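Right, one structure below, let's go through it.
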Amino acid sequence: MANKKYRVVLVEDHALTRAGLRTALGADEQIEVVGEAEDGLSGVAEIERTKPDVAVVDIGLPAIDGIELTRRVRAAVPQTRIVILTMHDLDSEIMAALAAGADAYCVKASEPSGVITAVKVVAEGGAYFDPNIAHVVLRALGSAKLPAPPQESPLTPRELEILRLIADGTGNQEIADRLHLGLGTVKGHIRDILEKMSASDRTQAAVLALRRGLI
């Protein structure tokens with residue numbers, strides 16, 4: 001729906017950064033900032049109070065950090081989706097955020113449009129990872145094999161096969177060559193995968209499938 005509003009809480013300890021995020025997010029007609037907090041404990045309280053669609057959370061918060069906040073919100077307000085913000089692209093931080101239940105991971109140096117996209121994608125049930133670190137996410141998830149509850153796959157065996165190759169970093173033409181398929185056929189399968197996984201691109205589809213334990 002064109003007039004649908006995504007309710008967002010900002011949890012960021014730097015006032016200027018928080019103000020910038022508020023301005024950037026508030027400028028989008030689909031986003032409404034309904035609460036703010038400057039440390040992890042008050043962030044959890046604000047999220048519990050407002051029950052937003054999405055919480056945008058700095059990873060390096062005082063009191064409790066963004067990873068612990070994510071764990072607590074996952075337990076207390078599971079319907080709220082979490083976008084993690086960080087200055088770094090460290091594998092260890094990414095894995096900790098994902099293990100805690102984060103749905104998106106954005107690097108602060110990226111454009112504000114990336115955070116806006118992340119908010120909208122996760123609010124609709126998808127996963128988003130900054131393009132600058134997508135390869136780190138896929139490598140980390142693929143090697144760590146985070147435990148995930150088994151879920152019935154919405155994908156066909158062929159689509160799962162293609163998605164596994166995508167997660168390994170394989171391009172469309174190489175997928176076509178390996179599976180003896182036409183390039184157009186592979187692209188058609190990928191379109192179907194994106195639709196079924198509610199993902200906006202190949203990387204998000206692969207990350208979401210890895211998180212759900214589908215591949």
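For the residues A96, A102, the requirement of being closer than 19 Å to V207 by Cβ and assigned to a loop (DSSP other than H, G, I, E, B) singles out A102.
A single entry from L10, L16, L21 fulfils the requirement of being buried (at least 22 other Cβ atoms within 10 Å of the Cβ) and either over 14 Å from L69 (Cβ atoms) or among the aromatic types (F, W, Y) (or both): L21.
Of everything in region 194-215, what is under 23 Å from N132 (Cβ atoms) and part of a helix (DSSP H, G or I)? Give them in sequence order. Hits for region 194-215 are L194, M197, R202, T203, Q204, A205, A206, V207, L208, A209, L210, R211. Restricting attention to region 93-130, the residues that are surrounded by 24 or more Cβ atoms within 10 Å (Cβ to Cβ) and either of a type in the set (K, R) or more than 12 Å from the chain's Cα centre (by Cα) (or both) total 0. Search region 61-92 for residues being surrounded by fewer than 22 Cβ atoms within 10 Å (Cβ to Cβ) and in contact with a strand residue (DSSP E or B) (Cβ under 7 Å, 6 or more places away or on another chain), and hand back the single one that is modelled with the lowest pLDDT. Per the criteria, the residue is D89. Tell me yes or no: at least one residue of region 31-51 is under 18 Å from the mean Cα position of the chain (by Cα), assigned to a loop (DSSP other than H, G, I, E, B) and under 20 Å from S113 (Cβ atoms). Checked against the condition, which is being under 18 Å from the mean Cα position of the chain (by Cα), assigned to a loop (DSSP other than H, G, I, E, B) and under 20 Å from S113 (Cβ atoms), region 31-51 yields no hits at all. T70 fulfils the conditions (1) free of Cβ contacts under 8 Å to residues at least 12 places away in the same chain; (2) farther than 14 Å from V8 by Cβ except for a single criterion, (1).
The values are calculated or read from the model by the stated rules, or taken from the named source; none is laboratory data. As the structure is a computational prediction, the values presented were derived from the model and not from experiment. For neighbour counting, all protein chains shown are included, and Cβ atoms are generated from backbone atoms with ideal geometry for every residue, glycine included.
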